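Just so it is clear, none of the values below were taken in a lab; they were calculated from the coordinates. Computed from a prediction, not measured in an experiment: that's the story for all the values here. Neighbour counts are summed over all protein chains in view; Cβ atoms, including those assigned to glycine, are modelled from backbone coordinates with ideal geometry.
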Amino acid sequence: MHPQVRSFHDPATGTVTHVVYEKPGSACAIVDPVLDFDAKSGRTGTASVEKVADFIRAQQLRVEWILETHAHADHLSGAAWLRARLGGRIAIGAGITRVQGVFRQLFNLEPSFAADGRQFDHLFADGESFRIGSLEARVLAMPGHTPACVAYQVGDAVFVGDTLFMPDVGTARCDFPGGSAVQLYRSIRRLLSLPPATRLFMCHDYPPAGRAPRWETTVAEQRASNIHVHDGVTEEDFVAMRTARDATLEMPHLICPRSR
């Protein structure tokens, strides 16, 4: 299968939302939608998700799934807004319950906050299969950045979340509660064991100076030139690099506002 993918880049957060579908008039899934947030006023906005909704209506697509690759620390999810207007089921990896449990304690959330994933319509297990209309899809657990991280494989397209970035940017941080550089390395090697021509779609891009944002690459390109984890980088080397690098990073801009 070679599904069609339409991507929407949000410059404010560097996030990329994807719509995956077979053809106009078919079923579709939305991956990692963004709700705009103004930190100064505390107000949310819908400009980003409205662009996605306009495309879906123009292509006469039927939303079956709204897929989150993980719990986001750097943007607010537009999933609930889209579900209310276009339908579909919101889903995430089953590891979200571990993330919720940690953050309930860390941010002293109200006792009534449920840490069992009930805020989502479906929690995916590793290896679970599902359908987007006639398209077959599979869930790949990708712990490391967070325990809840998953990738969604739809034919020759894989939506990797924050597990990987473009080859000249590298890999995700692992210093959040429950994160693990060892797990991230092993998750990435699982991704890079897929056929070389497999298309990989990023959730974010933070391009170096002089390069426009990009979000599509291949397994072959990542194995050849990812600056953190190209072929030949050992687990020991990666963990040492990732641990040292994470120690220099600031907190994401929205991790505190989104958790209150």
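Check residue 124: other-chain or 5+ apart residues with amide H under 5 Å from its amide H, H built from backbone geometry?
Here 92, 93, 94 satisfy the definition.
Work out the length of the dipole vector of the range 83-189 about its Cα centre, built from +1 on the beta-carbon of each Lys and Arg and -1 on the beta-carbon of each Asp and Glu, and round it to the nearest 20 debye.
For the range 83-189, the charge dipole is close to 160 debye.
Tell me whether the range 130-181 comes out rounded, prolate or oblate; compute the Cα gyration tensor, take square roots of the eigenvalues as a ≥ b ≥ c, and use a/c under 1.5 as the rounded threshold.
Taking the square roots of the gyration eigenvalues as a ≥ b ≥ c, the range 130-181 is oblate.
Please name whichever of 244, 159, 178 sits farthest to the positive end of the charge dipole of the chain, dipole taken about the Cα centre and charges placed at Cβ: Lys and Arg +1, Asp and Glu -1.
159
Given H placed on each backbone N at 1.01 Å, which residues far from residue 66 in sequence or on other chains put an amide H within less than 5 Å of it?
30, 89, 90, 91
Only Cα pairs within less than 10 Å get springs; with that Gaussian network setup on the chain, which residue of 83, 138, 245 has the largest fluctuation?
Highest fluctuation among the options: 245.
Which one, 36, 231, 162, has the greatest fluctuation when you compute a Gaussian network model over the chain with C-alpha springs under 10 angstrom?
Checking each option, the largest mean-square fluctuation is seen for 231.
Using only Cα positions of the range 177-224, each an equal point scatterer, no hydration layer, compute I(q)/I(0) via Debye at q = 0.19 Å⁻¹ and quote the log10 values to two decimals.
Log10 of I(q)/I(0), two decimals: -0.76.
Fewest Cβ neighbours within 10 Å first, please rank 1, 202, 142 accordingly.
1, 202, 142
Give me the compactness ratio for the range 113-260, meaning the Cα radius of gyration over 2.2 N^0.38 Å.
1.07
If only Cα atoms are counted, what is the Rg of the chain, and what is its Dmax, in Å?
Answer for the chain, Rg first and Dmax second: 17.5, 49 Å.
Of all GluC sites (Glu not before Pro) in the range 156-260, which ones are in loop regions per DSSP and have a Cβ with at most 10 other Cβ atoms within 10 Å?
250
Fully extended, how many nm does the chain gain between residue 175 and residue 216 (0.36 nm per residue separation, minus their Cα-Cα distance)?
12.2 nm
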